[in-house]
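So the structure is just underneath, and the comments pick up after that.
Just so it is clear, none of the values below were taken in a lab; they were calculated from the coordinates. These figures come from a predicted structure and were not determined experimentally. So basically every Cβ, Gly included, is an ideal-geometry build from the backbone, and we count neighbours across all protein chains shown.
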Amino acid sequence: AQTVTQSQPEMSVQEAETVTLSCTYDTSESDYYLFWYKQPPSRQMILVIRQEAYKQQNATENRFSVNFQKAAKSFSLKISDSQLGDAAMYFCAYRVMYNNNDMRFGAGTRLTVKP
Amino acid sequence: DGGITQSPKYLFRKEGQNVTLSCEQNLNHDAMYWYRQDPGQGLRLIYYSQIVNDFQKGDIAEGYSVSREKKESFPLTVTSAQKNPTAFYLCASSVRQGNGQFFGPGTRLTVL
């Protein structure tokens, strides 16, 4: 079974600084997707960024970027120029490419942004 | 605007009662999902549906039931058989083989 591990239950960052959230996963598949979701206090899950495993280039979305290390099964999220609105729970998720029914989530990392 | 709506936002239930959570989407997505979220844990899949009139159990389906009579709607019933129903419930949808799920705002269910 695929598992997703987020080893940092909580992280904090100073406003305007950079923070990296860690995620590792376990799988025997070669084709899959990885995601980072943000859950602010409103509790709505928002897709932040996604990465296709077959792509070597790391995905970026404005201030959000990932460091995808396929061999190491690592998928970290870097938030640059952190803003107060980035404070939220962040969940890493994985699913096999051809099975949209089996998305696996990590336990989450709570990010605090200090003014 | 396209999106997913869930109602109600907060729901209180007495022990022994069934309760139904609503989930509607106007994104024209084929697939819909129900997740449960407990404190300190990630999301766990309850049920999913890839097409109308078809649905499958997820990891924690016991004590729950669903229906999919319309593409837009995927209601979840929490039955009295669910031993610990107090949780936050999230509905999601996606295109059938899409590469991301889109979530509703959630329903917080509390059993009194």
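I'd like to check something: does region B:75-86 contain any residue that is within 14 Å of chain A (Cβ to nearest Cβ) and either of a type in the set (Val, Ile, Thr) or more than 10 Å from the chain's Cα centre (by Cα) (or both)? Give the steps one after another, and end with the answer.
The initial filter retains those residues of region B:75-86 that are within 14 Å of chain A (Cβ to nearest Cβ), namely none.
For region B:75-86, residues within 14 Å of chain A (Cβ to nearest Cβ) and either of a type in the set (Val, Ile, Thr) or more than 10 Å from the chain's Cα centre (by Cα) (or both): absent.
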Filtering region A:19-62 for residues that are loosely packed, with under 13 Cβ neighbours inside 10 Å, outside any strand (DSSP E or B) and more than 10 Å from chain B (Cβ to nearest Cβ) leaves a count of 9
Matching residues in region A:67-81 - criterion: being out of contact with any Phe, Trp or Tyr (no Cβ under 6 Å at 6 or more places or on another chain) and either within 14 Å of chain B (Cβ to nearest Cβ) or without any contact (Cβ under 8 Å) to a residue 60 or more places away in the chain (or both):
A:Asn67, A:Gln69, A:Lys70, A:Ala71, A:Ala72, A:Ser74, A:Ser76
Working carefully through the options B:Asp54, B:Asp30, find the one that is within 13 Å of another protein chain (Cβ to nearest Cβ), surrounded by 13 or more Cβ atoms within 10 Å (Cβ to Cβ) and acidic (Asp, Glu).
B:Asp30
Taking region B:87-105, which residues are touching a Cys at 6+ places or on another chain (Cβ under 8 Å) and within 8 Å of chain A (Cβ to nearest Cβ)?
B:Phe103, B:Gly104
Just checking, how many residues over region A:63-115 are among the hydrophobic types (A, V, I, L, M, F, W, C) and not in a strand (DSSP E or B)?
7
